[in-house]
Amino acid sequence: MPLLPAMRLVYPAVVAWGLLSGVAPGTDDYSAAQALILARCTECHGPDGQESHLRLDSRAGILAGGDFGPAAVAGKADASEIIRRVKTTNPEQRMPPEGDRLTANELSVLTAWIDAGLPWPGHEADPATEAVRDPRLDHWAWQPIAKPTPPAALAAFASLPGVEAERNPIDLFIRAKLVDGGRQLAPAPVADRATLIRRLSFDLLGLPPTPEEVQAFVADSDPQAYETLVDRLLASPRYGERWARHWLDVVHYGDTHGYDKDKPRPHAWPYRDYVIRAINADKPYAQFIEEQVAGDVLYPDTVDGQEAIGFIAAGPWDFIGHKEVPETKTDGKIARHLDRDDMVANTIGTFASVTIHCAQCHNHKFDPITQDDYYSLQAVFAALDREDRPYHADPAVREAYAAADRRRTALEKRKKELDAAVAEKAGPRLAEIETAISKAPKLKDGNPTDAFGYHSAINSTPDAEKWLQLDLGSETSLAEIVLHPCHDDFNTIGAGFGFPVRYRVEVANAPTFAGGVTVVA
C-alpha cells in the first residue's frame, strides 16, 4: 500500500515538467510556474512533508510560509524568500538542496508569476483572509456532523401488500434507496412477532428467548408490547455482557499478554467488568472516555476511575522485552517503544477512528497527522509502564491498606535508624560478620542451593554402564566413603536426581585400579 501514494504524487510532477517546455517569460499562462513548484518543491514542502513547516502546493501555503516567513510576497519577486533561495550560491540555503539548479528560463517564469500576484486557479481570494488548509480535510470523514432532511414518504409503497407505513425517519432513507436508480426494490415483509422477539433477543443479549417468552410476546395485545420488550432486554445484565464484547474487541483486550510466551493476565478482568458495568448503566460517553484515558486523575476516589484505566494496558505486551531483556539493550528499547505506540494507537484508533501508526516514521499520507503530532501524543504516555497496581473497591478496605502501608513505611524507617545505631556501636567487626554470612552457602532441605552434584548423561536403557573417575590428587587414607545424592531445585526434582539403583565403587592408588577395593551396592 505505501507504494500507491508515492506513485500518485510523482505522476503530477512528471506531467508538470512537460508543461515547462516552450514556455517563455511574460506569458499569461502561469500553469508553468505552478508546475515548476509542484515538480521541484513539494517533495519536501508538500502534503506528505513540510520541512521548516513550509507547504508550497497551494497559494495559501506559499503566502503563509514557514519558519522563515512567507515563501513569496505577491507582486514582489525581488522581496520573496523563494527567489532568494533558488538564486543563492550558499550550499546550506540553496533550493532545491539537491539536483540541478533552476535554469534561467525557469527562474524567469517563477519571477514573472510572483510579480503578477501568484495567480492560481481557484485561489483568487484575498491573501489576507485566505487560510492554509490541508486538502485531505475535505474528505467526508472530517466534515462536521449535520442532521440530514429525511426523504419524502413514498406513496408507491403504500399499495404494496404486507407493507406498513414508515415507523421512523430511518425507514424513509431505506425506502428511498430501494427505488434509487430505478431499481424499484420492494421491502421485505414485516416480521411476525415470534421472529421479532428472536431478532431482538439475539441483537441485544446474544441469547435466544425462552419458549415461554416467545409465547407471551406473541399473545401480548398491548400496543406498547414491542417498546416494553425493548426496555426489558435493555435492562438485562446480559445486554452489557453482549455489547461489551464489541468494545473489548475495539481496544484489543485480552486475558493473556500475547507475543511468544502469551502469559496469562490474572488481573485484567476488572477492566472487562468495568466496560460491562458502564454499558449497563448507560454511562455518558464523554465520561466513559475520560475514565479510560485519565480515570486515576479525574476520578481518583471512584472504583470506575481506577478500573477504567485498564484500557491503556489492554493491548499486547512483550513479557520478554520488558521483563527478561533490560532497557539498555536494543530489544528492550524496541519493546518499550512498541508499548507506547500501542497506547497511542489504541487511544486514537478507539476514540477518533483514525490510524496513527504511520506517523512514527513520516507524516501520515492519508490522515492529517504529522510526525510531530504522533510523538507529541506518545509523550503523554512516556512515563507509563504496564504493571499490576493495588486497588480495592471497598473504601473501608482501601483505607485499611493505606493505613497498613503508612505503618510499614514508618517501621522500615525505624529499622534503618536502629540498624545504623547498632552498626555504629558494633564497629567494623559487625560488618565483617555480616559479609561472611552473606557469602556463606545457602541451604535448602539441608543442602547447599548451589551444589547440584554430578549429572551423568541420559541413557535410553537402565542397564548401561557409566563411569565417573575422581582423582584425589595424592595418596590418601580413606576410613569411610559416603555417597551423597545431589539435590536439584529445578522443576521440583528434589534430592537423588539421576542416582542409580545399583552402583559399584572402586578405590585404588593407581589409574588402572590394580589392587583396589571394590564396594558393590
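The values are calculated or read from the model by the stated rules, or taken from the named source; none is laboratory data. Only a predicted model underlies this, so the values are computations on that prediction, with no experimental measurement involved. Cβ atoms come from the backbone with ideal geometry, glycine included; neighbour counts cover every protein chain shown. For the accessible areas, the whole protein counts, side chains as well, though only heavy atoms, and no ligand, DNA or RNA atoms are used. Shrake-Rupley method; radii C 1.70, N 1.55, O 1.52, S 1.80 Å.
Got a number for the accessible area of Thr328? Probe 1.4 Å, square angstrom, nearest 10.
For Thr328, solvent-accessible area is about 120 Å².
What is the spin-label model distance, in nm, from Ala104 to Glu399 if the labels are put 7 Å beyond Cα along the C-beta direction?
9.0
Any chance you could look up the accessible area of His252 with a 1.4 Å probe, heavy atoms only, rounded to 10 Å²?
Its heavy atoms expose roughly 70 Å² to the probe.
Lys415: which lysines have alpha carbons under 21 Å from its alpha carbon, excluding same-chain residues fewer than 8 sequence positions away?
Within the straight-line limit of under 21 Å, Lys415 reaches these lysines: Lys425.
Please state the shape class of the stretch 33-74: rounded when a/c is under 1.5, otherwise prolate if a/b exceeds b/c and oblate if not, all from the C-alpha gyration tensor.
oblate
Can you report the principal axis dimensions of the stretch 254-299 using only the alpha carbons, biggest first, rounded to whole angstrom?
Sorted from largest, the Cα extents of the stretch 254-299 read 38, 23, 14 Å.
Based on the alpha carbons, how large is the Rg to Rh ratio for the stretch 314-425 when Rh follows Kirkwood?
1.21
Taking R0 as 41 Å, what's the FRET efficiency between Ala235 and Arg406 from their Cβ-Cβ distance, rounded to 0.05?
For Ala235 and Arg406, the calculated efficiency is 0.40.
Specify whether the C-alpha gyration tensor of the stretch 380-428 places it in the rounded, prolate or oblate class, a ≥ b ≥ c being the square roots of the eigenvalues: rounded for a/c under 1.5, otherwise prolate if a/b is larger than b/c and oblate if not.
oblate
Let me check something: with ligands and nucleic acids excluded, how do Met343, Met95 order by accessible area (1.4 Å probe), largest to smallest?
These residues rank, largest area first, as Met95, Met343.
On a 1.4 Å probe surface of the protein chains, which of Arg193, Arg336 comes out largest in accessible area, and what is the full order?
Arg193, Arg336
Round to a whole angstrom and tell me the spacing of the C-alpha centers of the stretch 203-264 and the stretch 282-318.
23
At R0 = 35 Å, how high is the FRET efficiency between Glu212 and Ala281 if r is their beta carbon distance? Nearest 0.05 is fine.
0.80
Subtract the Cα-Cα distance of His484 and Glu324 from 0.36 nm times their separation in residues, and report this length gain in nm to one decimal.
Separation in residues times 0.36 nm, less the Cα-Cα distance, equals 54.1 nm.
Report the extension gain between Trp140 and Ala383 in nm, rounded to one decimal, defined as 0.36 nm multiplied by the number of residues separating them, less their alpha carbon distance.
83.9 nm
Between Ala219 and Thr88, what is the spin-label point distance in nm, taking each point 7 Å from the Cα along the Cα→C-beta axis?
9.0
Stretched out fully, how many nm does the piece from Ile458 to Asp78 gain, at 0.36 nm a residue minus the Cα gap?
128.0 nm
With each pseudo-label sitting 7 Å past Cα toward Cβ, what's the Tyr259-His357 distance in nm, one decimal?
Those two pseudo-labels are separated by 1.7 nm.
Name the residues of the stretch 224-253 whose amide N is less than 19 Å from a point 7 angstrom out from the Cα of Ile174 along the C-beta direction?
Within reach of a label on Ile174, which here means backbone N under 19 Å from a point 7 Å along Cα→Cβ, the stretch 224-253 contributes 225-231.
Among the lysines, select those whose C-alpha is under 29 Å from the C-alpha of Lys76, and discard any that sit fewer than 8 residues away in the same chain.
Lys87
So which of Lys263/Lys323; Lys416/Lys439; Lys329/Lys439 end up more than 20 Å apart by C-alpha?
Going by Cα-Cα distance, Lys416/Lys439; Lys329/Lys439 fall outside the 20 Å limit.
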